[in-house]
């Protein structure tokens, strides 16, 4: 039976706000209706429509893994009207959420394999759900080594600092590589762009899946590096962004050829993308 | 298939009765524009039209529609939804426009996500089609297996034969309506008019002036996204006004936004949108996957001739000819179809 009221948002209450950078915040929310929270059933890689009443709706990926508890996290950059109002909200205030929408990372296909994540800027957000899913007590044994290579423009632009510096490195069989574009006095880590850092770290393609998310320019220069390292197109997974209004495959605008990113995506392998028009 | 007869002299009586018992939506003339609106009786209806300027798709996907209202005080949030649709009769829709509704059905009545607003109107509406009595120079419904007297998708189809309407009863819904007004829908002598209707259909089929042949077009588009053709002068002349999409009976794109009506409350609206506008695909960060008219024109025609077929196994065009007639710079989908055929043949 189809869901006949998919455009109806449900109220959520903000329980926590983390300032990731000067213009990126992570909102932790729970549905006011415990039944909806209990049965939400989101999978890593899926997205939601956030309703900020008076401004409308925006598609935002779910940053949290379902394995972390009965809450949702959304990492939101302040870029426009809706996100500007969202950024002014405080703990205890409410907005609306509907979803979950879209496909998810093929976590079954990834079983038994090492995972190499690449994130740029605040685009670590959509893949963080899978990182935490694979690192959860429940599913950790399904996956091999989990590595995360993450880069941002500057120290100030690094998101999920505590995950990168504390939480993930302490977990079994992980590798965390963080870089910033230009040197800063207080920065002791790697300096350089993401593509060249990937080349330096040189992950082996053997029994490995690469999951990449970032600005188009980063993806453009990172894909050839993976090709050079011997990764096949099927081993490279990414997640796309498009302007969306309904997230249900009806409002029309997020199509790439005959596919709608909102229902057929947002997760695509490079092999799939190669068979689609370059219109994203 | 059952058939009935309605005397033309009784049409006013029928429309008045329908307006009383249902929400009756029928063609009207507003200044020089023919469009579909709710009417209070036969006196409002305008039936001397070839095809309306605006299609009746708004019966099911209104140009502006409230999807919910909200009341948010900061601490409390209430969301109310409008009531479902009232029982409605859509009278006078042309066969091409009814076919267009069939192409919208799979979009809104999906396997995973339905659409209560669309479905509620669709379920509570009886569609009474009206066969065309004339073929316009812009018509090409035959190219999509339609026809001026084709009843596909209608509950009842009226065809004007002399001083009578020959009425085909195509569904149970249509039969129930005809039975409810049995003093108007006569069963006597309907069979004799069936032949007249066949002849009219045959006669009209020979009156199309536009030659449109889709052979090879889909196959060409399947293999070629980048075609030099889309950068041609004919396509570049698009001024991005969006008229084609608003008059198109199969275009279903919409925008959703909030209209604040008070300090804490407002309505969420769903409104027709157009893929011909740059803002349509403009992302918050400034990236635009279809930045110029070339990509937008290509997307519109690819949607009509390929994407809708790929997704729903239905063509995204019904040959109503509105975009051909209304485009201010004479971009013509029939020319594009024929040009693409030529491109395919030369490939």
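All conditions in (1) under 27 Å from residue A:108 (Cα atoms); (2) buried (at least 18 other Cβ atoms within 10 Å of the Cβ); (3) away from chain B (no Cβ under 14 Å); (4) in contact with a strand residue (DSSP E or B) (Cβ under 6 Å, 6 or more places away or on another chain) hold for residue A:175, with the sole exception of (2). Taken together, A:28, A:15 contain a single residue that is under 29 Å from residue A:211 (Cβ atoms), more than 20 Å from the chain's Cα centre (by Cα) and part of a strand (DSSP E or B), which is A:15. Answer yes if at least one residue in region A:12-21 is closer than 19 Å to residue A:119 by Cβ and loosely packed, with under 15 Cβ neighbours inside 10 Å, and no otherwise. Within region A:12-21, one or more residues are closer than 19 Å to residue A:119 by Cβ and loosely packed, with under 15 Cβ neighbours inside 10 Å. Of the residues B:83, B:65, B:116, the single one that is closer than 23 Å to residue A:56 by Cα, within 14 Å of chain A (Cβ to nearest Cβ) and in contact with a strand residue (DSSP E or B) (Cβ under 8 Å, 6 or more places away or on another chain) is B:65. Applying the criterion of being out of contact with any helix residue (DSSP H, G or I) (no Cβ under 6 Å at 6 or more places or on another chain) and part of a loop (DSSP other than H, G, I, E, B) to the residues of region B:249-271, the residue that is nearest to the other protein chains (Cβ to nearest Cβ) is B:253. Every test in (1) without any contact (Cβ under 8 Å) to a residue 40 or more places away in the chain; (2) facing chain A (nearest Cβ under 10 Å); (3) over 21 Å from the mean Cα position of the chain (by Cα) is passed by residue B:274 save one, and that test is (3). Only a single item in (1) crowded, with 19+ Cβ neighbours inside 10 Å; (2) within 14 Å of chain B (Cβ to nearest Cβ) is not met by residue A:72, and it is number (2). Condition check for residue A:79 on (1) more than 10 Å from chain B (Cβ to nearest Cβ); (2) not in a helix (DSSP H, G or I): one failure, at (1).
Residues that are within 25 Å of residue B:64 (Cα to Cα) and surrounded by fewer than 23 Cβ atoms within 10 Å (Cβ to Cβ) within region B:126-140 comprise just one, B:126. Residue A:260 satisfies every condition listed in (1) in contact with a strand residue (DSSP E or B) (Cβ under 8 Å, 6 or more places away or on another chain); (2) crowded, with 18+ Cβ neighbours inside 10 Å; (3) within 14 Å of another protein chain (Cβ to nearest Cβ) except (1).
Scanning region A:209-220 for residues that are over 19 Å from residue A:126 (Cβ atoms) and modelled with pLDDT of 95 or more turns up nothing.
The values are calculated or read from the model by the stated rules, or taken from the named source; none is laboratory data. This structure is a prediction, so every number in the text was calculated from the model and none was measured. All Cβ positions, glycine included, derive from the backbone under ideal geometry; neighbour counts span all protein chains shown.
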